[in-house]
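See structure below.
The values are calculated or read from the model by the stated rules, or taken from the named source; none is laboratory data. Please read these numbers as outputs of a predicted model, since none were measured by experiment. Here the Cβ positions follow ideal geometry from the backbone for every residue, glycine too, while neighbour counts run over all protein chains shown. Each accessible area value is taken on the protein alone, full model and side chains, heavy atoms only, with ligands, DNA and RNA left out. Shrake-Rupley method; radii C 1.70, N 1.55, O 1.52, S 1.80 Å.
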Amino acid sequence: MVASAHVDTFARDRLPPPEQLPELLFDLPELQALLADAPLNCATELLDRWVATGQGERLCIQGHGGVRWSYRDLQRHANRIAHVLVADLGLVPGNRVLLRGANSPMLAAAWFGVVKAGGIAVGTMPLLRARELAVMIDKAEVTHALCDARLADELQQAHALAPRLANVRCWGAGENAADSLEAAMARHADTFDNVPTAPDDTCVIAFTSGTTGVPKGTMHFHRDVIAACRCWPPHVLRATPDDVFIGSPPLAFTFGLGGLVLFPMSIGASTVLIEKATPDALLPSIEQWRASVCFTAPTSYRAMAAQAAQHDLSSLRKCVSAGEALPAATRTLWKQATGIELIDGIGSTEMLHIFISADEAHAKGGATGLPVPGYRATILGDDGGELARGEVGRLAVKGPTGCKYLADERQKVYVQGGWNVTGDAYRIDDDGQFVYQARTDDMIISGGYNIAGPEVEAALLLHPAVAECAVVGKADEARGMIVLAAVVLKAGHDGDAAMTKALQEFVKQTIAPYKYPREIVYRRTLPRTETGKLQRFRLREELR
Ligand code: 3UK
């Protein structure tokens with residue numbers, strides 16, 4: 001066992017007790033090496049390695065304002081930030097550092113600065129308000145923060161609610177700001193010896209995006225970061241060092257951290273970090289930077305497919321969809337618009353990244369894919385036993401990464417019998433492909449039938465008038481629950497009785513008729529989290 005480098009043992013002291021930890025698998029040869037008895041700082045492998053092997057001039061990160069950093073440029077920025085944290089702000093290894101900013105090269109530099117110094121990066125979504133930030137600051141006992149000046153107000157207010165956050169530096173405040181992060185960086189050397197952390201020292205606390213309930217802090221070790229880089233990226237994505245990554249998920253969301261920073265850098269590729277990546281903004285950005293690998297959510301692909309013809313997307317090679325189930329209709333639309341077969345993958349904040357996925361050759365409409373090499377997956381029944389092929393039950397996975405909640409009773413809900421139980425209802429089809437049904441608590445039981453909302457949504461999305469939709473259960477005296485659809489129509493269509501009749505008929509023709517939405521309401525927008533996930537619980541409350 002390598003000794004921990006953490007002087008502040010906060011994270012280690014708050015790991016779940018050993019009997020509540022998931023079973024880990026390190027079967028792949030490339031994972032075996034992670035069990036070696038040696039210190040491991042993931043920044044060394046992801047960043048410094050390229051400079052050390054004479055590839056420091058390779059393009060690493062691009063962003064707004066003409067920013068175009070090589071690996072050496074990023075390393076210099078990160079090293080200076082590490083010095084600011086240690087020398088100016090008194091950081092000791094194991095301290096938690098809140099990171100706050102829209103995706104940008106500086107945010108990535110800040111992440112590496114924290115990790116190099118042996119700190120623990122706590123990413124926060126840009127839209128979070130003071131109250132929500134304060135919950136995270138209290139829970140993770142955050143003492144330091146690096147923040148984009150434009151988002152500093154809310155952090156200031158959070159400080160009033162959670163005073164232990166005492167050491168803050170902001171970047172982007174302008175040339176003359178004396179106490180800016182940049183001014184402090186300029187006073188320090190651009191070399192830094194990474195803290196020799198243990199493989200099982202925590203380097204990231206990622207809060208769950210929370211479609212329900214109080215956010216949970218998930219802890220990830222330096223080893224977890226590298227393990228994630230050695231499973232899905234080389235086995236399923238198979239990008240090359242010349243690829244240019246781009247996408248929408250915030251770096252505070254592990255989907256974004258992995259897809260837009262860790263994975264490209266693990267192979268010496270480059271990434272484009274843009275602040276605004278709504279479908280309208282992402283398309284021109286792909287064109288501008290000639291991006292080749294794109295990460296975003298299913299709804300974003302659906303919206304982009306409609307506008308793809310107006311852009312030169314010839315640079316695009318690989319497109320990854322995650323965060324929510326990918327409807328077959330969206331896969332088809334994207335293929336028609338771009339010729340590209342989407343790579344779907346289910347991941348979670350708890351598992352760090354994607355654990356079931358299909359590359360272009362295995363892609364199958366309506367299915368998520370197969371367990372990623374390095375992971376095992378199964379379907380559990382209510383009694384905890386594994387179900388037979390075809391039966392719907394609870395998705396459970398194991399691999400080199402796994403759930404470690406920060407001091408949270410809910411560890412026992414996510415980890416059961418060594419399995420990580422994601423809260424999703426799935427079945428395995430005849431090809432061994434995993435087919436998403438619904439979130440376990442989103443299954444609709446109507447008139448004795450089990451109905452998965454997303455299946456009804458997938459059917460509605462095949463109708464040409466439907467832009468977006470969400471299907472939930474609504475309490476009903478006669479049937480227990482009825483299927484209710486909230487629909488956003490495309491421009492030029494009216495949500496009248498004729499439309500309702502037409503959509504109901506359409507669903508009955510497309511899937512088993514008993515699943516059709518007995519009630520349809522029309523909306524301009526649907527409630528979503530900042531990570532693009534539908535908040536079905538909010539719809540259920542609104543439509544009760
Ligand atoms: C759902 C999916 C069907 C599913 C995430 C990739 O989404 C991520 O993490 P979260 O913690 O949510 C996890 C839950 O989201 N989900 C995600 N992807 C899919 N359902 N098909 C999919 N492809 O309910 C899962 O349990 O926010 C995704 C990488 C890293 C991530 N953190």
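Restricting region 324-377 to residues that are on the phi > 0 side of the Ramachandran plot and away from the ligand (no atom under 12 Å from the Cβ), the residue that is least open to solvent (accessible area, probe 1.4 Å) is 374.
Here residue 297 clears all of (1) open to solvent by less than 40 Å² (accessible area, probe 1.4 Å); (2) more than 10 Å from the ligand (Cβ to nearest atom) except the condition numbered (2). Of the residues making up region 509-521, those that are in a helix (DSSP H, G or I) and surrounded by 15 or more Cβ atoms within 10 Å (Cβ to Cβ) are 510, 515. Residues that are surrounded by 17 or more Cβ atoms within 10 Å (Cβ to Cβ) and within 16 Å of the ligand (Cβ to nearest atom) number at least 3 in the following helices (runs of 4 or more DSSP H) confined to region 172-290: 222-230, 254-257, 263-266. Considering the conditions (1) modelled with pLDDT of 90 or more; (2) open to solvent by 30 Å² or more (accessible area, probe 1.4 Å), residue 461 is excluded by exactly one of them, (2).
Does any residue of region 535-542 turn out to be of a type in the set (Asp, Glu) and part of a helix (DSSP H, G or I)? Walk me through it before giving the result.
So in region 535-542, the residues of a type in the set (Asp, Glu) come out as 541-542.
From what is left, the residues that are part of a helix (DSSP H, G or I) are 541-542.
Yes.
Out of all the residues in region 423-441, is one or more touching a Cys at 6+ places or on another chain (Cβ under 7 Å), open to solvent by less than 50 Å² (accessible area, probe 1.4 Å) and either more than 16 Å from the ligand (Cβ to nearest atom) or closer than 25 Å to residue 208 by Cβ (or both)? The answer is no; no qualifying residue exists. In region 85-108, the residue that is nearest to residue 11 (Cα to Cα) out of those that are among the small types (Gly, Ala, Ser) and open to solvent by 40 Å² or more (accessible area, probe 1.4 Å) is 90. Within region 377-396, residues that are within 19 Å of residue 22 (Cα to Cα) have Cβ atoms under 6 Å from residues that are of a type in the set (A, V, I, L, M) and not in a strand (DSSP E or B) in these pairs: 379/387; 381/387, counting only partners at least 6 apart in sequence or on another chain. Scanning region 445-453 turns up at least one residue that is under 19 Å from residue 395 (Cα atoms) and within 16 Å of the ligand (Cβ to nearest atom).
Kindly indicate the residue of region 304-323 that is more than 16 Å from the ligand (Cβ to nearest atom) and among the charged types (D, E, K, R) and also most open to solvent (accessible area, probe 1.4 Å) among those meeting that condition. If we take residues in region 304-323 being more than 16 Å from the ligand (Cβ to nearest atom) and among the charged types (D, E, K, R), then 317 is most open to solvent (accessible area, probe 1.4 Å). Among the residues of region 32-84, those that are closer than 22 Å to residue 3 by Cβ and either in a helix (DSSP H, G or I) or open to solvent by 60 Å² or more (accessible area, probe 1.4 Å) (or both) comprise 32, 33, 34, 35, 37, 39, 42, 43, 44, 45, 48, 82.
When residues in region 139-171 are screened for being open to solvent by 50 Å² or more (accessible area, probe 1.4 Å), free of Cβ contacts under 8 Å to residues at least 40 places away in the same chain and in a loop (DSSP other than H, G, I, E, B), 3 of them pass. Across region 522-544, the qualifying residues are those that are among the hydrophobic types (A, V, I, L, M, F, W, C) and under 17 Å from residue 458 (Cα atoms), and the one among them that is surrounded by the most Cβ atoms within 10 Å (Cβ to Cβ) is 534. Just a yes or no: is a residue in region 376-383 under 20 Å from the mean Cα position of the chain (by Cα) and within 22 Å of residue 253 (Cα to Cα)? Within region 376-383, not a single residue is under 20 Å from the mean Cα position of the chain (by Cα) and within 22 Å of residue 253 (Cα to Cα). Taking every residue in region 108-135 that is in a helix (DSSP H, G or I) and pairing it with any residue that is of a type in the set (Lys, Arg), at least 6 positions away or on another chain, the pairs with Cβ-Cβ distances below 8 Å are 113/80; 133/100. Looking across 416, 411, one residue alone is open to solvent by less than 20 Å² (accessible area, probe 1.4 Å), more than 12 Å from the ligand (Cβ to nearest atom) and of a type outside the set (Asp, Glu). It is 411.
Residues in region 1-31 that are among the aliphatic types (A, V, I, L, M) and farther than 11 Å from residue 199 by Cα were compared, and the one that is most open to solvent (accessible area, probe 1.4 Å) is 7.
So if I check each of 189, 149, 184, 145, which one is in contact with a His (Cβ under 8 Å, 6 or more places away or on another chain) and at pLDDT 95 or above? Within the list 189, 149, 184, 145, the selection yields 189. Of all residues in region 433-462, those that are under 19 Å from residue 348 (Cβ atoms) and charged (D, E, K, R) total 3.
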